[in-house]
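Working notes, structure below.
Here, each number is a calculation from the coordinates, and none is a lab measurement. Keep in mind that this is a model prediction, so the values were computed, not measured. Every residue, glycine as well, gets a Cβ built from its backbone with ideal geometry; the counts of neighbours run over all protein chains shown.
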């Protein structure tokens, strides 16, 4: 069983999430509740949960204050929030899990399925460090992204990415250092995150960092020549918009 602690200052939210877990996630045992940071800290120390469901905003407190009390995070975290919180961007880039209220049952089941008690604490701590970095450095050129691969978790500066290529359900990242990272997420999941950081999807199977495009070769759609010399085809339907963005550099 996965031992869970629910932390929220609204009694209705505590009860609703507990009921959803009981009905749809039988592998989860709710071992306690907390309505404040101090109460949650004591409950974690006493009960050692495998996962906590942590509300981001609790009256005058932030759920993040709870996490800063730990030198290392010895449990999984699933954030919960009732609105598009300013920190969601940092959470997404750090590959941490979150649920928007009202909680969708399928999203809840997916988040719970990722919890592997006592098996990914090193990765979780690296993700949380990256999250704090992004939260404290909101400038786009300072953001980091967490890329899980078969070899572990890679924390990469966004601006060190040259391009992404799709390989069916996988995504290949080409990094400035020459390193290649393969993740099990599809390229569409990264498009939403990266577009506002000066990346552009030149066709269905590739996203380029516009800062790393050194030359454009004319053609039906054309070709983007990247900083490492590689050439990425530009789809005909993307050509006009790509050139508009490229010429803004």
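Let me know the shape class of segment 157-208, please: from the alpha-carbon gyration tensor, a ≥ b ≥ c as square roots of the eigenvalues, rounded when a/c is under 1.5, otherwise prolate if a/b is greater than b/c, or oblate. Oblate, because a/c is 1.5 or more while a/b does not exceed b/c. For the pair residue 214 and residue 132, the difference between a 0.36 nm per residue extended length and the Cα-Cα distance amounts to 26.3 nm. Full extension of the chain between residue 180 and residue 243 gives 20.0 nm of extra length, using 0.36 nm per residue less the Cα-Cα distance.
When DSSP beta bridges are restricted to pairs lying wholly in segment 64-198, around 80% turn out antiparallel. Figure legend: label point modelled 7 angstrom from the Cα of residue 83 along Cα→Cβ; residues of segment 1-15 with amide N under 17 Å from it are 9-10. Let me know the shape class of the chain, please: from the alpha-carbon gyration tensor, a ≥ b ≥ c as square roots of the eigenvalues, rounded when a/c is under 1.5, otherwise prolate if a/b is greater than b/c, or oblate. In terms of gyration-tensor shape, prolate. From the Cα gyration tensor of segment 1-73, with a ≥ b ≥ c the square roots of its eigenvalues, which class applies: rounded if a/c is under 1.5, or else prolate if a/b is larger than b/c, or else oblate? Oblate, because a/c is 1.5 or more while a/b does not exceed b/c.
Taking only the Cα atoms of segment 2-134, the radius of gyration and Dmax are 13.4, 37 Å. So how much slack lies between residue 195 and residue 169, counting 0.36 nm per residue of separation and subtracting their Cα-Cα distance, in nm? Result: 7.4 nm gained on full extension.
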